[in-house]
Every structure is written in C-alpha cells, then in structure tokens.
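Read through the structure below, which is laid out as structure tokens, and then see the notes.
The values are calculated or read from the model by the stated rules, or taken from the named source; none is laboratory data. Predicted model, so just to flag it, every value in this text is computed and none were measured. Positions of Cβ are generated from backbone atoms using ideal geometry, with glycine treated the same way; all protein chains shown enter the neighbour counts.
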Amino acid sequence: MTLISINDLKKSAAIIKDIRWDVTPKIFMSPSYVPPDASEEMIDVTSGYMLYVDLIDEKPALVIMQLKPITSKTVGYLYDIPEELLRESMQCTASDCIGGMYPLTKKIEGWLKKEFGLS
C-alpha cells in the first residue's frame, strides 16, 4: 500500500475536491442503506474518494479509497495524522465499524477540512 503524507495529499486538488464526506464504511458496505438524516434517496458509492480509519501494521491510519462502479480500490494511506484523532474514530459503535473500517469522527473530519483549506 502506498504511504502518502498530508502535505502530498494537499497538492492533489483532484482527490480533495472528490472526497465523499457523506460516504461512511457502513454506507459503502450497504449501498442500499439510507442514513436517517439523509434524503430518501440512496447515496451513490460509485465515484469519488472515501476516507476511513483502519489498522495498518498494528497502527491506526487514514485510508483513501477510490470509489468505482465495479471494484473500488485503496489508493493509499496517510501516516502523519495525529494518532489520537485516529484512535477516537476506532471507538465507534459495532454497527458503524464494518469490516475493520472505522468511520471518521466529526473531530477528524474538521481537522482534515482545515488542513485541506475547505473550512
């Protein structure tokens, strides 16, 4: 898997503009799931990039997954995110942590948006 620094990712405007903040591991793994706070439509999980936390070599890392119609693929993972933010994401409920994939917390999402200049 490719290691990516936050500074390298900041230079990739194409990825940053296509991050799907609305797609979580739960939604990705169950594409027919409609979050209670969403519209009545299903969320499209066939384009953009999903960010989630996973354990890589026994350490939490932020994973970048490119969403595609047939087979999504892991682009790489960020290794220089504050570990306490990553560990917080791993404290989610069993129903939200699916397949070893942990959703972003609002705190890490806010931190990332600030780093990317989106907030």
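What the table shows:
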quantity	calculated
The lone exception for Ile27 - which of (1) out of contact with any helix residue (DSSP H, G or I) (no Cβ under 9 Å at 6 or more places or on another chain); (2) modelled with pLDDT of 95 or more; (3) part of a helix (DSSP H, G or I) it fails	(2)
Residue among Leu78, Leu51, Leu55 that is within 14 Å of the chain's Cα centre (by Cα) and at pLDDT 95 or above	Leu51
Selection status of Trp21, surrounded by 12 or more Cβ atoms within 10 Å (Cβ to Cβ), of a type in the set (Phe, Trp, Tyr) and outside any helix (DSSP H, G or I)	yes
